[in-house]
Amino acid sequence: MPATPAARRRAAQPAPSPVAKRDAILRAAIDVFAERGYFTAQVADVARAAGVAAGTVYLYFRSKDDLLISIFERTVQEQLGNGREEVAAIEDPAERLRRFAQLHLAMLGRDRNLAIVFQVELRQSVKFMERFSATLLREYLGQIRATIEDGQKSGVFRKNLNATTVAKMFFGALDEMATNWILSRRRYNLELDADAVVDIFLDGTRPR
């Protein structure tokens, strides 16, 4: 029986590359984990959302845990790269912090499901939190800490502050704004909270 035109078109289309298929599975995992919750969701749910067989998921990820870890790693790696690129040319440490805040909140604000996974689902396991704190999150905080230290050397920030503590407080403030955005019934632009957080923060770190 001759193939239909639609079948011939599908056959002529190139198969998705491994990278594209992996990305599609990760995108499906983000949406499924956000909608159903990580512990309730199954790998089969992710496969169905991605339009692949369940076995295909295991060609790219070892387990459901590996999916969640991969979401975190890709998100933080992208932010680390964006952070280095965006702030490299900014000399003023205060403005560098402002750009960090804008990038962080913009990333989560443009993808609500990713924000839910990042702010809620990732934090329901001590095992995950220990692993995250020991790896990429430390490097992410390191970028903020380095900016604080630069500001202390140039006199923009008080020298008697512990740069690591300040970096954690800064990240914590942004983190809380993102969580509140998820839980709020009001819909608003999360990135617009960046200036308010940074202005309040800078008032407490500048020399008196």
* Asked: If you count, for each residue, the other Cβ atoms within 10 Å and average over each peptide, how do 201-208, 23-30, 107-114, 180-187 line up from highest to lowest?
  -> 23-30, 107-114, 201-208, 180-187
* Asked: Under a point-charge model restricted to the Cβ atoms of Lys and Arg (+1) and Asp and Glu (-1), what is the dipole moment magnitude of the chain relative to its Cα centre, in debye to the nearest 20?
  -> 560 debye
* To do: Output the Kirkwood hydrodynamic radius of segment 24-105, Cα pairs only, in Å rounded to one decimal.
  => 14.4 Å
* Asked: Could you state the number of Å between the C-alpha centres of segment 170-188 and segment 43-106?
  -> 18 Å
* Structure fact -> Expressed as a percent, the portion of alpha-carbon pairs in segment 84-162 spaced more than 17 Å apart is 57 percent
* To do: For every other residue with a beta carbon closer than 12 angstrom to the beta carbon of residue 175, add +1 if it is Lys or Arg and -1 if Asp or Glu, then tell me the sum.
  => 0
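What does the convex hull of the alpha-carbon atoms of segment 142-182 project to on average, in nm²?
3.0 nm²
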* Asked: Computed from the mean reciprocal separation of all distinct C-alpha pairs, what Kirkwood hydrodynamic radius does the chain have, in Å?
  -> 19.2 Å
* So how do 56, 147, 40, 179 line up by other beta-carbon neighbours within 10 Å, fewest first? -> 40, 56, 179, 147
* So which GluC sites (Glu not before Pro) in segment 79-175 are both in a DSSP loop and have at most 14 other Cβ atoms within 10 Å of their Cβ? -> 91
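Read-outs throughout are calculated quantities, based only on the coordinates presented, and are distinct from any laboratory measurement. What you are looking at is a predicted structure, and each value in this text was computed from that prediction instead of being measured. In this analysis, Cβ positions are derived from the backbone assuming ideal geometry, glycine residues included, and neighbour counts consider all displayed protein chains.
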